[in-house]
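Peer 1: Before I ask anything, let me first share the structure, which is written out below as structure tokens.
Please treat every number below as a calculation from the coordinates, not as lab data. Here the structure is a predicted model, which means the values were calculated and not measured. Cβ sites come from the backbone with ideal geometry, for glycine too, and all protein chains shown count toward neighbours.
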Amino acid sequence: MMTKRKLGFQDRWMFNRVLCEKDVCRKILRAALGIEAGEISYLNAEQCFEPLTSGRGVRLGVFARGDGRVYDIEMQVAKERDLGRRMRYYQAAMDVGELGAGADFGDLPESYVMFVCTFDAYGKGSPLYVIERQCIDYRDLDVGDGSPWVVLNATAWETAADPGLRDVLR
């Protein structure tokens, strides 16, 4: 006999199922990124990218495409080392399939990697960490890579100034 268990949002199956609803996906993108995602033309849970036959592939939690942007949304329930390097690898795996031979780098879409964490990944108490590359010598220089990383901290939901973000994190 199968037993029923209550699934929370952080459960992989439930997270993927809920975020594959276009309206829910747009709500999370709007709350975390402050942008209107508009029409989502492609939405898939457990999207695989395997750039090399002998290399490590990537299975993205929820992959979305729309309005000239691509998004990866991950649920992270265990505090693991090297989150920054993991985001870097996921970003690279997403980008490698975006350009055909001889295509211009300017054709790369804006690309977002987002981790929804059930803990504070950076220990600063912020509900939202937006990480972008910048020039160390000229901090006001925009390098224009169009690929921010976003880390959400569900434990700080009460401190989120934006009601939409507070609702998502709760």
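Peer 1: Remind me, relative contact order of the chain in percent, using alpha carbon pairs under 8 angstrom and six or more residues apart?
Peer 2: Relative contact order here is 18 percent.
Peer 1: Next question. With θ taken as phi - 60° and the coefficients 6.51, -1.76 and 1.60, list the Karplus ³J(HN,Hα) couplings across the range 123-135 in order, rounded to whole Hz; mark glycine and proline as x.
Peer 2: x, 9, x, 7, x, 9, 10, 10, 10, 10, 6, 8, 6
Peer 1: Give me the percent of Cα-Cα pairs in the chain that sit more than 28 Å apart, rounded to a whole number. If you can, show how the numbers build up before the last one.
Peer 2: Values: 3346 of 14365 pairs.
Beyond 28 Å sits 23 percent of the P(r) for the chain.
Peer 1: Follow-up question, since we're still on this one. Sorting check: for 143-152, 24-33, 102-111, which peptide has the highest mean count of neighbouring beta carbons within 10 Å, and how do the rest follow?
Peer 2: 24-33, 143-152, 102-111
Peer 1: Here's something else I'd like to know. Could I get the Rg over Rh figure for the range 86-130? Both from C-alpha atoms, Rh via Kirkwood, rounded to two places.
Peer 2: Result for the range 86-130 is an Rg/Rh of 1.13.
Peer 1: Loop-only check: which trypsin sites (Lys or Arg not before Pro) in the range 73-169 are DSSP coil with at most 12 other Cβ within 10 angstrom?
Peer 2: Values: sites: 79, 81, 85, 86, 88, 124, 133, 139, 166; in loops: 79, 81, 124, 133, 139.
For trypsin sites (Lys or Arg not before Pro) across the range 73-169 that sit outside H, G, I, E and B with at most 12 neighbouring Cβ atoms in 10 Å, the list reads 79, 81, 124, 133, 139.
Peer 1: Tell me, what are the semi-axes, in whole angstrom and largest first, of the equivalent ellipsoid of the range 93-170 as set by the roots of 5 times the Cα gyration tensor eigenvalues?
Peer 2: Equivalent ellipsoid of the range 93-170: 30, 16, 10 Å, largest first.
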